[in-house]
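The next block holds one structure in the form of C-alpha cells; read it before the comments.
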Amino acid sequence: MPIFVFVELKCLRMRLLLSLLIFMGCALSGNAQNPKALKAQARSIGKDALAMISSKRYNEARKLLYSAYALDTSTYLYSYEIGYTHVMEKDYLHAIPFYKIACKKSDATDFCYVMLGSCYFLLGKQEDAEGALMEGLARFPNSGRIYQGLGDVNQLNLVRALHFYEKGVQADPSFAQNYYWLSKIFCNSTESIWGMLYGEIFLNLEKNTSKAKEISALLYSTYRENIQFSGDTLVTLQFCKNSLTYPNEHKTEWLPLTMIYEPCLQSAVQLGDTITLASLNGIRSRFVDAYFSENYNISHPCLLFDWHKELIRLEHFESYNYWLMRHGSPAEFEAWLMVHRKKYDSFLKWLESHPLFVEKGRQFHRFGN
C-alpha cells in the first residue's frame with residue numbers, strides 16, 4: 001500500500017521554500033503595526049523556521065512558525081509548515097488540525113488537501129482521507145495530484161483505484177504519477193495493452209527516476225511475457241482479453257482499440273523472433289507501418305503512435321526504443337550503446353528540446369480523447 005504523502009515531498013519542500021523566498025524579496029516598509037510590515041516580519045521568521053526544519057529541529061521551527069502565524073493569518077504557509085513538522089515526527093494526529101486550517105485559506109493549494117488526506121490515511125481513517133480529498137477535488141477539479149491520492153487510498157479496491165487514476169489522466173494529462181500506477185496495475189493484468197500505453201507516456205513525462213527505471217523494465221518484461229512463440233510456426237499475443245466498446249467521438253461504427261492493437265502487432269512479429277531490444281525495435285517499427293497503412297491513425301487516433309511516426313521520420317526511433325526499455329535488458333543496451341553512442345547522444349539532445357507534448361486536447365486515455 002503506497003504512502004502517497006511522501007511521493008513528492010522533496011519537490012514540495014522546494015516549492016514552499018521558493019514561495020517564502022519570493023515573499024522575502026518583496027520590499028516592504030512601514031511601522032510594526034502596518035499589515036505589510038507584519039507580513040514581512042512573518043516571512044522573515046518563516047525563513048528562519050525553514051532553516052530549522054532543514055536541520056530537523058522541528059520543535060524550534062514550530063515555535064517560530066507559531067509566531068509567524070500570529071503575525072500573518074492570511075496565508076496557508078505557516079499552518080502548513082507546522083503540520084509538516086508533525087508529519088516529519090510521524091505525529092499525524094497533531095498535524096491534522098494545521099492542515100485543516102491551511103485548507104481553509106484563500107491561497108491554499110491542492111497539496112494542502114493531499115497532506116490532510118495523507119494524515120488521515122496514515123492513521124487508518126480511510127473514509128476521512130477520502131472525504132478530505134473529495135473536498136479538495138471540489139475546489140481543484142483538475143488536480144491530477146488529488147486524483148492520485150484518491151487512487152492510492154483505494155488500492156485495496158482496484159476497480160475504484162483505477163477509476164480515480166484514469167480520471168486523473170483525463171483531468172490533468174501532464175501529471176505523471178497517475179500513468180505510473182495505471183501502468184503497474186494494467187501490466188499485471190489480462191489487459192496489459194493499457195499498461196504498455198500508459199507506461200510509455202509516463203516514461204516520456206518522468207525521466208531518470210527510480211520509477212522510470214521500474215516502468216522501463218516493466219514494459220520490456222511485459223512484451224516478453226505476452227508475445228509467445230511456439231516453434232517456428234505460431235505466435236500468440238496476450239495483451240488483452242476484454243474487447244468492450246467505449247464511446248469515441250471519432251467514429252460511428254467503432255471497434256475498440258484492443259481489436260486494432262493486437263492484429264497490427266501480430267503482423268509486426270516475425271516467426272523465429274525472440275524478444276530482445278533489437279527485435280522489439282523491429283516489431284514496434286512494423287507495428288507503426290501497419291497502423292498507418294490501415295489508416296487507423298484516423299479511426300483510432302493515438303498521440304503515441306503519431307509520436308512514433310515522427311521519430312521514424314527523424315531516424316530517432318531505434319534510439320528511442322533502446323532508451324525506452326534500456327532497464328529491461330541493460331547488458332544488451334550497453335552493448336548497443338558502445339556501437340551507437342553518437343547516434344544515441346544526438347537523440348537525447350533532440351529529446352531534451354522536443355519532449356512528447358501531452359495536455360488536454362492532445363492526450364491519451366482508455367476511454368477516448
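The values are calculated or read from the model by the stated rules, or taken from the named source; none is laboratory data. This one's a predicted model, so the numbers in the text were calculated from it and none came from an experiment. Glycine gets a Cβ as well: all are built from the backbone with ideal geometry, and neighbour counts include every protein chain shown.
Worth pointing out:
- Of the residues making up segment 351-369, just one is part of a helix (DSSP H, G or I) and among the small types (G, A, S), namely S353.
- Test for L311: is it touching a residue at least 24 places away in the same chain (Cβ under 8 Å) and at negative phi: no
- Flag for G195 being touching a residue at least 12 places away in the same chain (Cβ under 8 Å), assigned by TED's automatic domain parsing to the domain that holds R362 and in contact with a Phe, Trp or Tyr (Cβ under 8 Å, 6 or more places away or on another chain): yes
- Selection status of N204, outside any helix (DSSP H, G or I) and either within 14 Å of the chain's Cα centre (by Cα) or among the polar types (S, T, N, Q) (or both): no
- All positions within segment 87-108 that are touching a residue at least 12 places away in the same chain (Cβ under 8 Å) and acidic (D, E): E89, D107
- Cβ pairs under 7 Å, 6+ apart, first in segment 47-60 and of a type in the set (K, R), second in a helix (DSSP H, G or I) and surrounded by 15 or more Cβ atoms within 10 Å (Cβ to Cβ): K47/L20
- Checked against (1) of a type outside the set (K, R); (2) closer than 17 Å to A268 by Cβ; (3) buried (at least 19 other Cβ atoms within 10 Å of the Cβ), S319 meets all criteria but (2).
- Segment 322-337, residues that are of a type in the set (A, V, I, L, M) and surrounded by fewer than 19 Cβ atoms within 10 Å (Cβ to Cβ): A331, A335, L337
- No other residue among S216, S210 is over 23 Å from I283 (Cα atoms), within 15 Å of the chain's Cα centre (by Cα) and in the same structural domain as L351 (by TED's automatic domain parsing) apart from S210.
- Among the candidates E200, E206, residue that is crowded, with 17+ Cβ neighbours inside 10 Å and within 20 Å of L351 (Cβ to Cβ): E200
- Some residue of segment 170-189 being of a type in the set (A, V, I, L, M), outside any helix (DSSP H, G or I) and touching a Leu at 6+ places or on another chain (Cβ under 6 Å): yes
- Among residues of segment 248-285 being part of a loop (DSSP other than H, G, I, E, B) and modelled with pLDDT of 90 or more, the one that is surrounded by the fewest Cβ atoms within 10 Å (Cβ to Cβ) is T276.
- Within segment 117-130, not a single residue is aromatic (F, W, Y) and either at positive phi or not assigned by TED's automatic domain parsing to the domain that holds H86 (or both).
- Whenever a residue of segment 315-330 is part of a helix (DSSP H, G or I), its partners that are among the hydroxyl-bearing types (S, T, Y), lying with C-beta atoms within less than 6 angstrom and at least six residues away or across chains, give the pairs S319/Y344.
- Residue within segment 340-350 that is crowded, with 17+ Cβ neighbours inside 10 Å, among the small types (G, A, S) and assigned to a helix (DSSP H, G or I) present: no
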